[in-house]
Every structure is written in structure tokens, then in C-alpha cells.
Amino acid sequence: MAMLTVNRLTKKFGGITALDGIDFSIEKGEVMGVIGPNGSGKTTLINCITGFIKATAGDIIFNGRNIRGMKPHKIVNLGICRTFQIMRPYSSLPAYKNLIIPLYGPRARKTGGWRGGGRHGDRNIIALDLLEEVGFERESKVPYKLAGTLPTGYLKRLELARCLALNPDLLICDEVFSGLSMSEIASMVPLIEKLNKSGVTIIMIEHRLKELFRVARRVMAISYGEKIVEGSPEEVMANEKVKEAYLGA
Amino acid sequence: MQTEKRKERIDRGIKIRSDGIYALSSWREITYLIAPRFLLIGGLLAAPLLLHFFPYWQKVLLIICIYALLSMAFDFLANYVGLVCLGGSFFVGVGGYGAALLNKYLLLSPLISIPLAALFGAAFCTLLLLPCLPLRGVYFAIITLMYPLMMTRIIEAFELFGGTNGMMDIQGFGNPWIEQYFLVVATLVFLFALRRLSVEDLGLVIRGIKDNDQSVRASGINITFIKAQAIFYASFLGCFAGAYLAHVYMWAGLSMFALDFSIIPIAATVVGGGGSLLGAVLGAILLVPLSEVLRAFGPLRIVVYSLILTVVIVIKGEGLLNYLSRKYHQFERWVEI
Amino acid sequence: MEILIYGIVNSFKLILIAFGFTLVYGTSRLPNFAHGAIFVFTGFVAWIMMHKLNLPFLPAALLSLACAALVGVVIYQFILKRIRGMNMNEIIATYAIGVALIETFRWLGFKGTTFTLPVVKEGVVFIADVPVDYQRLMVVAVGLVMLAAVWAFTKFTRTGRALRGIAQDERAAMMLGIDSDMTATLAMALGSALSGLAALMLFPLGSIVVEAGYNTLIFALAVCMVGGIGSWSGTVLAAFVLGFLQVVTVTYLATHFQMVVTLAAIIATLILKPSGFFGKHKELEERV
Ligand SMILES: Nc1ncnc2c1ncn2[C@@H]1O[C@H](COP(=O)(O)OP(=O)(O)O)[C@@H](O)[C@H]1O
Ligand SMILES: [Mg+2]
């Protein structure tokens with residue numbers, strides 16, 4: 001049975017239809033990519049799945065349970081974690097203290113959080129471990145700096161670390177690569193691969209297609225809130241409608 | 001030839017080292033760190049003794065503590081949780097009536113009825129504010145402005161608890177020493193407990209809500225529940241102050257929902273400097289005696305406070321405490337260019 | 001029948017009271033918590049002009065409206081302009097300045113019920129056997145004229161269109177060269193004058209008391225919150241809902257309950273639909 005199934009999901013903002021009957025499903029252990037031009041409704045799709053906005057119609061089935069209309073924190077505690085495209089860290093707190101907050105939550109306490117450490121042991125140490133995992137230099141001052149002063153690359157990692165702290169079953173990344181340099185991306189890709197190997201199902205929204213195709217076996221393309229095609233990366237890129245949507249022809 | 005000079009500011013070495021990690025090597029450094037704390041704690045504890053011969057100023061000290069508690073509640077909600085509460089008097093009134101009821105009908109003595117009133121009052125306030133917790137910014141401010149008014153109108157309309165006359169003949173403290181030390185110690189305890197809370201994990205979550213509530217929700221935390229807890233703490237302080245007042249004045253009435261209890265704490269926090277709780281206390285210590293001086297002028301007091309408040313906000317003042325602590329941690333010297 | 005007629009009159013009272021606030025918030029996102037203070041201020045200024053300077057009603061009214069507008073401009077230029085965008089500070093500062101204004105009058109000795117403004121025309125008419133005095137009819141008439149005037153102003157004049165443009169999309173309007181400072185000043189002047197107009201219409205029904213300042217602010221906020229802050233049509237609708245609700249309360253319960261019911265209505269609105277009838281704020285805020 002599929003881990004997550006989305007049926008005819010529709011979202012209207014007043015007159016605008018941001019999502020128009022999206023269907024897809026994802027199996028456990030899979031990595032799926034979602035692509036589409038800006039404003040096509042990718043972030044809205046995530047917001048609906050994770051409960052941040054209420055879908056107008058449709059169903060979202062996660063592990064056999066309809067989660068549409070549930071509160072965001074409940075959905076997180078079922079195991080769906082997401083990153084934010086617009087990063088707003090807790091800027092008045094040091095970077096590592098940012099992770100205390102997810103570690104404090106019920107999910108981290110129940111599952112033990114990252115590598116089971118959240119149940120026992122010092123949250124500060126776990127936070128530093130986590131930051132090291134996503135590529136903060138542990139011996140440097142960076143983990144102790146105020147999150148508001150960190151550059152984009154570190155913020156994206158911090159955002160990812162926040163999700164890892166929650167020990168997700170399904171991780172949804174909203175454009176984690178955008179705004180990063182080539183070398184930064186190169187160091188993030190293995191991290192994603194490693195996560196997937198450890199059993200986390202991942203949905204990645206991405207504009208950096210080359211890197212996306214390294215990790216995602218299956219890709220869905222949406223445009224103006226409608227799914228236009230789904231399949232292997234090659235199939236999707238060969239599709240006429242995708243080219244049209246991206247080139248705006 | 002004329003040499004130009006400019007002022008140079010340098011952080012004291014100890015300040016840089018002592019941000020979180022303490023490695024002290026001399027009495028001098030230890031004194032440097034604890035002197036300000038000692039001044040506050042020692043000062044407040046000694047005050048009732050020093051003021052022994054000035055009974056009038058003893059009352060002022062009590063009012064300072066009352067407003068310090070209220071200012072701390074406002075500061076905590078505004079600068080840690082991000083909820084600006086314009087109706088602090090709501091807490092005072094609820095606490096006051098609570099203590100009066102406990103004392104009158106259950107015949108509890110002040111030392112028991114005050115903590116109990118604070119507890120039940122805080123639970124009551126939290127319950128009533130629960131529907132407003134999802135609101136943010138302007139909406140929350142407006143709605144809290146309405147709560148004290150709502151309470152007065154309800155009490156008037158239903159003639160509850162003595163209606164417009166209030167409840168009289170509440171038991172007083174009897175012993176002035178207990179009366180004073182009870183409040184002074186409680187104020188200090190609450191101050192340091194709240195400051196402690198703000199660096200604990202729960203405190204971090206609360207501050208996280210102010211920075212970015214969406215991200216807290218995305219971390220699987222029920223922000224309404226956390227906010228309710230924060231409201232509980234703040235209203236506990238407010239209700240404590242109110243309950244105490246009821247026993248000091250031996251009366252609980254509608255004027256406990258009055259504007260003074262809402263606006264003076266805001267002024268104190270803004271003047272003293274928000275975001276540290278200490279600033280709020282400092283503001284109360286500063287503004288309350290001022291209000292005693294102005295007592296003869298009646299409504300003019302509120303006018304003065306409001307104007308001070310407006311001016312400090314408009315010139316974007318950082319608050320007295322932040323200014324003082326900056327000066328304390330820095331050398332200043334003139335250097336030639 | 002009585003309820004219908006007095007309900008309508010009461011609704012127009014609320015429209016007069018609340019419209020200035022909505023106008024300012026809707027066009028410039030400025031919460032003018034000094035709204036109630038300007039209301040009493042206008043009343044007292046008009047009274048002073050009539051009784052101390054012995055001016056006739058009409059010039060006194062016009063002058064006091066001008067004063068109200070001036071106060072609005074001063075508040076914007078000296079206070080709000082410097083802290084614009086900092087929402088909480090805007091609220092606290094305007095509220096504080098409003099409190100200062102109201103309490104100054106109290107301090108100056110404007111207490112009790114001896115201060116009254118004259119009605120425009122004495123007398124009563126019977127509408128379907130219900131006695132209604134002329135002043136109450138005036139309230140309805142002036143309310144209608146005001147709505148029409150504001151509508152025409154924002155529809156047909158250049159400045160008015162600028163106001164509307166900035167209300168809809170501030171950034172786009174600024175790119176088109178609309179000065180947001182200028183429009184905000186204008187909105188404050190207009191909003192304050194409307195508050196003053198409400199005062200001139202409503203104070204003759206009773207007497208000028210300082211407490212009216214707080215009550216007016218509460219009623220204006222109530223109407224705006226139920227209608228959705230900043231939404232004009234929402235304000236009108238909410239004024240009718242609350243207006244009738246209040247009249248029904250007064251008829252069947254007691255005057256005391258008027259405020260209780262109003263406040264309960266706000267709280268109910270906030271729980272059921274936090275953005276109010278026509279508020280668009282919430283949905284946009286949810287952008288994540
Ligand atoms: N909260 C909102 N209110 C109104 N419209 C919105 C909101 N969020 C997104 N939209 C609209 O929905 C469409 C899809 O946006 P989005 O999902 O952010 O696109 P993407 O992430 O693919 O770039 C856009 O036209 C956007 O303007
Ligand atoms: Mg997006």
C-alpha cells in the first residue's frame with residue numbers, strides 16, 4: 001500500500017485556483033521529485049499536505065488515514081515533516097538552540113528523535129550532533145552564532161536539521177537547493193541520499209533538475225496547479241507540455 | 001596643530017568571556033558580575049527595613065512591587081511570546097475578586113488565599129483567553145483591551161459580588177512585616193523564576209513562537225497549548241498582584257479593572273526596556289514614585305504616563321536597562337585621531 | 001416596528017463611529033486607537049467654541065471638524081510616521097496619546113453631564129406610530145450622505161483613487177508614484193474628521209462625557225472586528241448586525257447588557273471567523 005496518496009486535491013484562494021485536482025501517490029522508501037515553474041502551486045501543495053492551509057476539496061491519505069483538515073502539529077507527529085521555502089529561523093536564538101524546539105516536541109520525545117537521543121540525554125548535545133550531521137563545523141563558532149546572522153547555506157542546513165530532529169517518515173523539502181552554490185549543493189546531495197538509504201521517504205521540490213535527478217527516480221511536473229505528467233526523469237523531460245511550461249512557449 | 005579626539009567604546013574583557021561560559025579568576029570579576037544582581041536583591045530586601053520610619057513610603061514600595069509584577073507579566077507576554085496584552089487589569093481584577101471570595105466564603109487567611117487566588121485566577125484567565133490565542137498582533141491586542149471592560153460590565157449588569165460597591169471587609173495582613181516581605185520576596189522569586197524559565201527548553205519554545213510560529217508548528221508542537229501555558233504564567237503574576245491588593249486594601253471592586261493597571265505596566269516596560277524582565281522591574285521602580293508625586297493632580301497622572309510612553313516609543317528608546325547595561329559593560333575613553 | 005426603526009438609527013450611529021477607523025486602517029494599515037479621543041475632543045472643542053467664544057453652531061461645527069482633522073494630521077506626522085510598520089508600537093502609541101487626550105479633558109474639569117451640544121432641529125416625527133426625533137433622522141441622513149460622499153470621493157477624484165489604490169496594493173501603488181506618506185496623512189485627516197462628524201451628530205442626543213472616548217473606541221473596534229478590519233462593506237454590514245443586536249438587547253434585557261452583548265459578539269466572531277465578515281487579512285497571513 002502506498003505511504004501517501006493524494007486524491008483530486010484542490011485549493012482555491014478566492015478566485016485563484018492554486019491546485020486543481022492533483023493526484024499522486026508515493027511508496028515507502030521512494031524519492032519523488034516535484035517540478036514546475038514558479039507560481040505553479042508546488043508550495044501550496046505542500047502546505048495542503050502538511051495542514052498549514054486547508055484544502056478546498058480532495059483527500060490526503062497517509063498510512064491509511066485521511067489527514068486532510070488535521071492540524072499541522074498533529075500531521076508532523078504522524079511523521080510528515082517539511083522544510084520551508086522561505087526560511088525564517090528563530091533569529092534571536094543561537095543556531096544549535098534552534099534545534100531544541102523540535103527536540104522538545106512530542107514526536108521527538110516519543111520516537112526518541114534523531115537516533116533515539118531525544119528520549120535520554122542532553123538536548124544541547126543532540127542538537128550539536130545534528131548540526132554536525134548536516135555540515136556545521138562542530139569545532140568552529142558557527143553552531144553558537146545567532147541564527148539571524150547565518151548565511152543562506154547554513155540556514156538551509158539548519159532547516160533540514162530541524163526536520164531530522166523530528167525523525168521523519170516522510171520528508172518534504174521545498175527548494176532546499178535554491179540559493180546555494182554548486183559546492184554547497186554537492187555536499188547536500190549525499191546527505192539526502194544517506195537519509196533515503198536509512199529509510200526516509202522523500203518528496204523534493206526543486207528547480208535544480210540535474211541534482212534532483214541524481215536522487216529522484218520518479219518526477220511529477222505541475223503547471224498552473226495541474227499535474228501535467230509523471231514518470232521517470234527522462235520521460236518527464238521529454239514531455240512536450242513540460243517544455244512548454246518551462247519555456248512559456 | 002589641533003588634534004582631534006573621538007570617543008572610543010570597548011567591551012570589558014569579562015563581558016565577552018562571561019557570555020554563557022564563566023571562567024572567573026578574581027574577586028574583582030566576581031563582584032563585577034554579581035554586583036548589579038546584589039544591588040537589586042539586597043535593595044529590595046532592605047527597603048522595608050529602611051522605610052520603617054516612613055510608613056507612607058512603605059505603601060509606595062508595595063505599589064512598586066505590584067506594578068513590577070504586572071510589568072513583568074506584560075513584558076513576558078509581549079517580548080517573549082509576542083502577544084501584546086493591553087488589558088493587564090483583567091488579571092488584577094480576577095485575582096482581586098478571587099482572593100476576596102476565598103477569604104470571605106472559605107475564610108482563608110491572606111497567606112493562603114493569595115496563592116490560591118493566583119492559581120485559580122490564572123486558570124480562569126487562561127480559560128477565558130483560550131479562544132483568542134490563535135489571534136496574532138493587532139487582533140490579540142484589541143481583544144485583550146476588551147476583557148477588563150467586559151468583566152466590569154458583567155459585574156455591573158448582574159450585580160455580582162456586591163455590584164458597583166465591590167466586596168468589603170476582606171481580612172488584612174495584620175502584621176506589616178509579613179505584609180511587606182511576603183510581596184517583596186514573591187516579586188524577587190517570580191522575577192528570577194521567569195528569567196530562568198526563559199532559558200529552559202520550554203522558554204526557548206515560547207520564544208520560538210515569537211520569532212516564527214509556523215516553524216514551531218512544523219516541529220510538531222501545539223502552539224496554542226504552549227501559548228496557553230505562557231498566558232497562565234503571566235496571568236498568575238497578574239492575579240497574584242490583584243489578590244494581594246485585595247488584602248491590602250481589604251476591598252475588591254470594579255476599580256481593579258481600571259485603566260491604571262493596564263497602562264502603567266506598559267509604560268514601565270517601555271521605559272525600563274523590554275525583553276529582559278529586569279527592565280520592567282526597573283521601570284516600575286522608576287515610574288511608581290513619580291506617580292505618587294503626581295497623585296495630587298488626579299487624572300494628570302495617566303496623562304503624564306501616556307505622554308512618557310508615547311515619547312519613548314516615538315524616539316525608539318531602547319529602554320533604561322539596556323542603556324545602563326551597555327554602559328556598564330563598556331569602557332569609554334577619548335583617543336586622538 | 002420600534003425595533004426596526006431604532007435598529008436602523010442605531011446602526012447608522014455605529015457606522016458614523018466606526019467608519020473613520022476603517023477608512024484609516026483600510027487605506028494605510030494604521031490602527032488609530034486615538035479614534036475615540038478625537039471623538040470627545042471634537043465634542044468639547046465645539047462646546048468651547050459655542051459657549052466660550054459665542055460662535056453659532058455651524059461655524060463652530062466646521063471649525064471643530066477642522067481641529068479634529070488637524071489632530072489626526074499631527075498624530076500622523078509626529079508619531080505614526082516615525083514608527084510606521086511596527087504594528088504594536090503603532091497601537092500602543094496611538095492608544096497612549098488617546099488616553100492622554102481624554103484624561104487631559106478630565107483633568108481640566110470637563111466632568112459630569114453639563115456639557116451639551118444643541119440638536120440641529122427640535123421636534124419629533126411619527127413614523128408608523130413610532131416617535132423619532134429629528135436628530136436621530138439626521139444621524140441616518142448624515143450617515144447615508146457620508147457613505148455616498150466617501151464612495152464618490154474614492155471613485156471620482158484623483159486623490160480618492162490614490163487612497164483606494166494604496167488600500168488594495170501598497171507596493172504597486174507606490175510604484176505608480178502614489179506617495180504613501182501623503183495618502184496616510186490624508187487618511188488620518190479624513191478619518192479624524194469623520195470621527196468628529198460622528199461626535200457632532202451623536203453628542204446632541206446626550207451630553208459630552210469623557211467616558212464616551214473609551215466607549216466610542218470600543219464600539220468602533222467592535223464593528224471593525226466583526227466586519228473584518230479595513231473592509232468597508234464589512235463595516236457597514238457589521239454596523240447593522242451589531243446595531244440591531246444592541247437595540248434588541250436594550251428592549252428585551254437592559255441597557256447594562258448592551259456592552260456585554262457587543263463584546264460577546266466580537267469574541268464569537270473571532271472564534272468562528274477570525275477575519276470577520278469580509279476580512280481578507282487572515283488568508284494572506286497564512287502564506288508560508
Ligand atoms: N496564501 C495565499 N493567498 C493567496 N494566494 C496564494 C497564497 N499562497 C499562494 N498563492 C497563489 O497560489 C499560486 C501558487 O503559489 P505557490 O504554491 O507558492 O507556487 P510555487 O511554490 O510553485 O512557486 C500563486 O499564484 C500564488 O500567488
Ligand atoms: Mg514555492
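The values are calculated or read from the model by the stated rules, or taken from the named source; none is laboratory data. Quick caveat: nothing in here was measured; it's all calculated off a predicted structure. Cβ coordinates were reconstructed from backbone atoms using ideal geometry, including for glycine residues, and neighbour counts include every protein chain displayed.
For segment A:221-229, state whether one or more residues are within 14 Å of chain B (Cβ to nearest Cβ), closer than 29 Å to A:Ala245 by Cβ, modelled with pLDDT of 85 or more and within 16 Å of ligand 1 (Cβ to nearest atom). No, there is no match, as no residue in segment A:221-229 is within 14 Å of chain B (Cβ to nearest Cβ), closer than 29 Å to A:Ala245 by Cβ, modelled with pLDDT of 85 or more and within 16 Å of ligand 1 (Cβ to nearest atom). Say we look at segment B:328-337 and pick out the residues that are touching a strand residue (DSSP E or B) at 6+ places or on another chain (Cβ under 9 Å) and not in a strand (DSSP E or B); which of these is nearest to B:Ala267 (Cα to Cα)? Selected residue: B:His329. Test C:Phe105 against the stated conditions and say whether it is of a type in the set (A, V, I, L, M, F, W, C) and within 14 Å of chain B (Cβ to nearest Cβ). Considered against the rule, which asks whether it is of a type in the set (A, V, I, L, M, F, W, C) and within 14 Å of chain B (Cβ to nearest Cβ), C:Phe105 comes out as yes.
Please enumerate the residues belonging to segment A:74-84 that are in a loop (DSSP other than H, G, I, E, B) and either modelled with pLDDT under 85 or within 7 Å of chain B (Cβ to nearest Cβ) (or both). Across segment A:74-84, the qualifying residue is only A:Phe84. Within segment B:300-319, the set of residues being of a type outside the set (Val, Ile, Thr) and surrounded by fewer than 17 Cβ atoms within 10 Å (Cβ to Cβ) comprises B:Leu307, B:Lys316, B:Gly317, B:Glu318.
Taken over segment A:1-26, residues that are away from ligand 2 (no atom under 16 Å from the Cβ), closer than 16 Å to A:Asn47 by Cα and within 14 Å of another protein chain (Cβ to nearest Cβ) amount to 1.
Which ones in segment A:27-45 are buried (at least 16 other Cβ atoms within 10 Å of the Cβ), more than 14 Å from chain C (Cβ to nearest Cβ) and in a loop (DSSP other than H, G, I, E, B)? Scanning segment A:27-45 gives A:Glu30, A:Gly36, A:Pro37, A:Ser40.
A:Ala55 passes every criterion in (1) within 13 Å of ligand 2 (Cβ to nearest atom); (2) in a loop (DSSP other than H, G, I, E, B) apart from (1). Of the residues making up segment A:52-73, those that are within 11 Å of chain B (Cβ to nearest Cβ) and surrounded by fewer than 16 Cβ atoms within 10 Å (Cβ to Cβ) number 1. Sort out which residues of segment A:85-106 are outside any helix (DSSP H, G or I) and under 20 Å from the mean Cα position of the chain (by Cα), and write them in order of number. Matches in segment A:85-106: A:Gln85, A:Ile86, A:Met87, A:Arg88, A:Pro89, A:Tyr90, A:Leu99, A:Gly105. Are any residues in segment B:256-282 more than 14 Å from chain C (Cβ to nearest Cβ) and either closer than 16 Å to B:Leu321 by Cα or out of contact with any helix residue (DSSP H, G or I) (no Cβ under 8 Å at 6 or more places or on another chain) (or both), and if so, which ones? Within segment B:256-282, B:Gly272, B:Gly273, B:Ser276, B:Leu277, B:Leu278, B:Gly279, B:Ala280, B:Val281, B:Leu282 meet the criteria. Selection of segment B:205-242 for residues being of a type in the set (Lys, Arg) and either touching a residue at least 60 places away in the same chain (Cβ under 8 Å) or farther than 18 Å from A:Cys81 by Cα (or both) yields B:Arg207, B:Lys210, B:Lys227.
Here's the yes/no breakdown for (1) among the hydrophobic types (A, V, I, L, M, F, W, C); (2) more than 18 Å from C:Thr185 (Cα to Cα); (3) assigned to a helix (DSSP H, G or I):
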{"site": "C:Ile3", "(1), (2), (3)": "yes, yes, yes"}
{"site": "C:Gly7", "(1), (2), (3)": "no, yes, yes"}
{"site": "C:Phe19", "(1), (2), (3)": "yes, no, yes"}
{"site": "C:Thr27", "(1), (2), (3)": "no, no, yes"}
{"site": "C:Asn32", "(1), (2), (3)": "no, no, no"}
{"site": "C:Phe44", "(1), (2), (3)": "yes, yes, yes"}
{"site": "C:Trp47", "(1), (2), (3)": "yes, yes, yes"}
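Contact annotation: residue pairs with Cβ atoms under 9 Å, 6 or more positions apart or on different chains, pairing a residue in segment A:147-169 that is closer than 27 Å to A:Phe62 by Cβ with a partner that is among the basic types (Lys, Arg) and modelled with pLDDT of 85 or more, are A:Cys163/A:Arg82; A:Pro168/A:Arg82; A:Asp169/A:Lys28. Condition check: away from chain C (no Cβ under 14 Å) and either closer than 25 Å to B:Val184 by Cα or over 16 Å from the mean Cα position of the chain (by Cα) (or both). Does B:Phe140 satisfy that? No, not satisfied. In the set (1) closer than 27 Å to B:Ala193 by Cα; (2) surrounded by 23 or more Cβ atoms within 10 Å (Cβ to Cβ), B:Ile285 fails one condition alone, (2).
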